[in-house]
1. Do you know which residues across region 63-100 are more than 22 Å from the chain's Cα centre (by Cα) and not hydroxyl-bearing (Ser, Thr, Tyr)?
2. Quick one: how many residues across region 45-62 are more than 15 Å from the chain's Cα centre (by Cα) and touching a residue at least 12 places away in the same chain (Cβ under 8 Å)?
3. Could you look through region 31-70, keep only residues that are under 23 Å from residue 10 (Cα atoms) and of a type in the set (A, V, I, L, M), and pick out the one that is surrounded by the fewest Cβ atoms within 10 Å (Cβ to Cβ)?
4. Kindly indicate whether any position in region 71-78 is loosely packed, with under 11 Cβ neighbours inside 10 Å, outside any helix (DSSP H, G or I) and without any contact (Cβ under 8 Å) to a residue 40 or more places away in the chain.
5. For region 82-112, give me each residue that is surrounded by fewer than 15 Cβ atoms within 10 Å (Cβ to Cβ) and either touching a residue at least 60 places away in the same chain (Cβ under 8 Å) or hydrophobic (A, V, I, L, M, F, W, C) (or both).
6. From 70, 17, which residue is over 20 Å from residue 100 (Cβ atoms), assigned by TED's automatic domain parsing to the domain that holds residue 94 and of a type in the set (Lys, Arg)?
Amino acid sequence: NAALHQIVLVRMAHDPRTRAYVAKRTAQGKSEKEIMRCLKRTVAREVYHHIVHPKPVPRVDDLRPLRHARGMTLQTVATHFNVWPAHISTIERGKRRDDDLAHRYRQWLLAA
């Protein structure tokens with residue numbers, strides 16, 4: 001419950017969709033407590049959905065061998081993607097999940 005509360009507070013402060021929802025419900029005469037209760041229920045449904053239907057983790061075990069086969073250094077790859085070499089290394093070793101970068105990295109390696 002505390003985690004849901006914290007998520008709702010952050011969304012109310014930063015998420016444009018949530019802020020629009022809060023403004024709409026406030027205009028309808030709902031109290032902040034009622035609005036937060038509705039938002040917590042929504043967040044709980046989202047969390048449950050992610051637990052029951054997790055996104056599959058993409059394979060990354062092919063990235064390092066591909067890079068080595070192309071004769072590229074971590075620094076070369078990191079410079080191309082404008083990130084630190086350690087970021088690329090942790091993705092290659094499966095220690096960090098960055099699906100978008102891993103996908104772009106794989107496409108770049110296959111095109112090289």
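1. Result: 64, 65, 66, 67, 68, 69, 70, 71, 72, 74, 75.
2. Going through region 45-62 one residue at a time, the tally reaches 3.
3. Filtering first and then ranking leaves 51.
4. The answer is yes; a qualifying residue exists.
5. 84, 86, 110, 111, 112
6. When all the criteria are applied, what remains is 70.
The values are calculated or read from the model by the stated rules, or taken from the named source; none is laboratory data. Model, not experiment: these values are computed from the prediction. Neighbour counts run over all protein chains shown; Cβ positions are idealised from the backbone, glycine included.
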